[in-house]
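**Student:** If you scroll down you'll find the structure; I have some questions about it.
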Amino acid sequence: MDQKKESFINGYLKISKILYYITKVTYFFFIVMTVIFALIVTSTFFTEIGEKTLSSLKQIGFVNNSFFSINYKHIFAFMMSQVLCFSALTTFFIKQINKILRTVMEKKPFVYQNAISIKNMGWLLIVQSLIDYTYNSIVELFLLKQSVSVPLITSGTPLLLFGICLLILSGVFRYGCFLQEEYDSML
């Protein structure tokens, strides 16, 4: 029975090691993408939007003739700043996953740092859902010239619910850390 348990644990350790390296590469990728998006947002204030970009925005239905009074530079910067926020939050989220996987590889998953990482991940998802809701409201109000509706379910609702679940899981994990410390002190 112990050999079966040991092979089971070794399988999870191999999976966590693979995921650890995948998250390291993904973390680097998102850092690079965040810097690129930051440069794009910054550069939009120093360049002019050409006719080609303007016609592309018209083709996808984002811009119509009633919006000619709007500065398209600000629209583009606003869209890219939302992408920048998403990229930055995702980068930090991946870093938290990486921290958890590192402790799993060390065979010490029940440490308080993991509970803090899970809590951070929950708050990141809640912030992202609020950014998403705010972004959609601003688009409705200023760009689409519509009244802002307050729907019960938006595209950020699953993120909000998952973030709340992670906050609850963080509390459970913190309690698990307490129990692990109690068990270790008894031995």
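Only the coordinates and a few stated rules stand behind these numbers; no lab work does. In this text the structure is predicted, and so the values were computed from the model without any measurement. Glycine also receives a Cβ, built like all others from the backbone with ideal geometry; neighbour counts cover every protein chain displayed.
**Student:** At a 10 Å Cβ-Cβ cut-off, how would you order D2, D184, fewest neighbours first?
**Tutor:** D2, D184
**Student:** Using 0.36 nm per residue, how much length does the chain from F162 to F78 gain when fully extended, once their Cα-Cα distance is taken away?
**Tutor:** That works out to 27.6 nm of additional length.
**Student:** Okay, moving on. So, counting K/R as plus one and D/E as minus one, what does the shell of residues with Cβ under 15 Å around F93 add up to?
**Tutor:** +3
**Student:** ³J(HN,Hα) across the range 102-116 via Karplus (A = 6.51, B = -1.76, C = 1.60, θ = phi - 60°), whole Hz, x for Gly/Pro?
**Tutor:** Each residue of the range 102-116 in turn: 5, 5, 5, 5, 7, 6, 9, x, 9, 10, 4, 4, 5, 4, 5 Hz.
**Student:** As a footprinting exposure proxy, order T103, T91, T42 by other Cβ within 10 Å, with the fewest listed first.
**Tutor:** T42, T103, T91
**Student:** Below 10 angstrom from the Cβ of Q113, what's the summed charge of the other residues (Lys, Arg +1; Asp, Glu -1)?
**Tutor:** That sum, taken over residues with Cβ under 10 Å, equals +3.
**Student:** Starting from the 7 Å offset along Cα-to-Cβ, what nm value, one decimal, do you get for the label separation of E6 and E181?
**Tutor:** 3.2
**Student:** Which order results if V32, V41 are arranged by neighbouring Cβ count within 10 Å, fewest first?
**Tutor:** V32, V41
**Student:** Mind giving me the nanometre distance, one decimal, between the label points for I31 and L141, set 7 Å out from Cα along Cα→Cβ?
**Tutor:** If labels sit at I31 and L141, their model points lie 3.7 nm apart.
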